[in-house]
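Contents: one structure, followed by commentary.
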Amino acid sequence: MVAGPLAGRGILVTRPADQADGLAGRIADLGGNPILFPTLEIAPPADPVVLAQVIGGLASYDLAVFVSPTSVERAWPDILERHGGWPHAVAAAVGQATARVLADHGVRRVLVAEGSADSEGLLALDALADMAGRSVLIVRGEGGRELIADTLRARGARVDYAECYRRVRPAADPAPLIALWREGGVAAVTVTSREVFANLATLLGEDGAPLLCATPLFAPHARIAEAARAWGVAEVVASGPGDAGLAAGLADWFNGRHG
């Protein structure tokens with residue numbers, strides 16, 4: 001057995017299945033047992049033709065803003081098909097993780113806030129202070145926060161969306177997880193968005209609600225943490241951003257007074 005601050009502890013990972021490996025690996029490296037229970041699936045957009053048309057006009061915008069790593073990965077096939085590569089000199093990214101994925105795809109200049117992984121950090125950049133007469137394309141999933149669009153419009157920009165995926169709640173059977181939980185097999189829960197948390201609560205239902213309320217929950221942003229507290233989770237920890245922040249938060253919590 002691997003020693004570490006999470007040794008012998010089951011940690012629930014609720015990320016989409018194709019995005020869970022990074023966090024699961026960090027938990028295992030800390031001695032924990034990652035328990036994979038995806039509460040979100042990433043599906044194609046409802047109308048791929050509309051997305052292809054919008055991406056086709058990408059070069060006509062002054063700036064493209066990518067809201068997440070998923071937005072980059074899901075839009076990139078259309079970008080390659082329509083443009084053969086990145087058609088802009090600069091892009092903007094919400095968070096360093098998104099910026100890294102853009103860099104991996106060859107985007108050399110990316111506007112991104114240091115030390116911030118949210119929309120507020122991006123909007124605080126001096127480069128986005130005066131947007132009068134500029135056109136912006138926000139690349140995202142269907143739905144979501146309107147803060148970037150509303151703020152940039154208020155600063156004078158014309159803003160459109162390229163919605164390149166849908167977030168769907170999977171049809172998962174929670175019974176095995178609830179049984180494991182009742183046996184003491186789940187020591188902590190990780191969630192990475194308010195939608196992930198809401199889906200988890202819905203999937204667990206009335207049988208699992210007391211377990212969720214009584215188990216420490218770790219979230220990489222204060223907004224997500226507040227949603228969990230408001231729902232009724234007793235112990236909620238707002239960690240640093242991304243998988244690294246969640247892993248560090250877990251290690252610190254279990255290695256300290258809760259160890």
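A short reminder: the numbers here are calculations on the coordinates, not readings from a lab. Only a predicted model underlies this, so the values are computations on that prediction, with no experimental measurement involved. With ideal geometry, Cβ positions are generated from the backbone for all residues, glycine too; neighbour counts draw on all protein chains shown.
Near Val159, once Lys and Arg are set to +1 and Asp and Glu to -1 for all other residues with Cβ below 14 Å from its Cβ, the sum equals +1. Taking every DSSP beta bridge that has both ends in region 43-167, the antiparallel portion is near 5%.
Taking the Kirkwood radius as Rh and the Cα radius of gyration as Rg, region 1-108 has a ratio of Rg/Rh equal to 1.11. Taking every DSSP helix (H) stretch of at least 4 residues in the chain, weighting each as -39,500 (n - 2.57) and dividing the sum by the residue count yields a mean residue ellipticity at 222 nm of -12500 deg cm²/dmol. The amide H of Leu217, built 1.01 Å from its N in the peptide plane, has Val189, Glu235, Val236, Val237 as neighbours under 5 Å, considering only residues 5 or more places off or on other chains.
Of all DSSP bridge pairs formed entirely within the chain, close to 10 percent run antiparallel. Take 5-18, 41-54, 197-210 and order them by the average number of nearby Cβ atoms within 10 Å per residue, most first; the result is 5-18, 197-210, 41-54. Inverting the pair-averaged 1/r between distinct Cα atoms of region 117-181 gives 14.4 Å as its Kirkwood hydrodynamic radius. In this structure the amide hydrogen of Ala64, modeled in the peptide plane, comes within under 5 Å of the amide hydrogens of Ala92, Leu137, none closer than 5 places in sequence on its chain. Near the amide H of Val110, within less than 5 Å, lie the amide hydrogens of Ala91, all on another chain or at least 5 residues away, with H placed in the peptide plane.
Ranked by the mean number of other Cβ atoms within 10 Å of their residues, highest first, the peptides 59-70, 176-187 fall in the order 59-70, 176-187.
With a cut-off of 10 Å between beta carbons, the residues surrounding Ala227 carry a summed charge of +1, where Lys and Arg count +1 and Asp and Glu -1. Expressed as a whole percent, the proportion of Cα-Cα pairs in the chain lying more than 25 Å apart is 48%. At the listed q of 0.13, 0.16, 0.18, 0.20 Å⁻¹, the Debye profile of region 43-167, built from one uniform point per Cα, gives log10 I(q)/I(0) equal to -0.45, -0.71, -0.92, -1.16.
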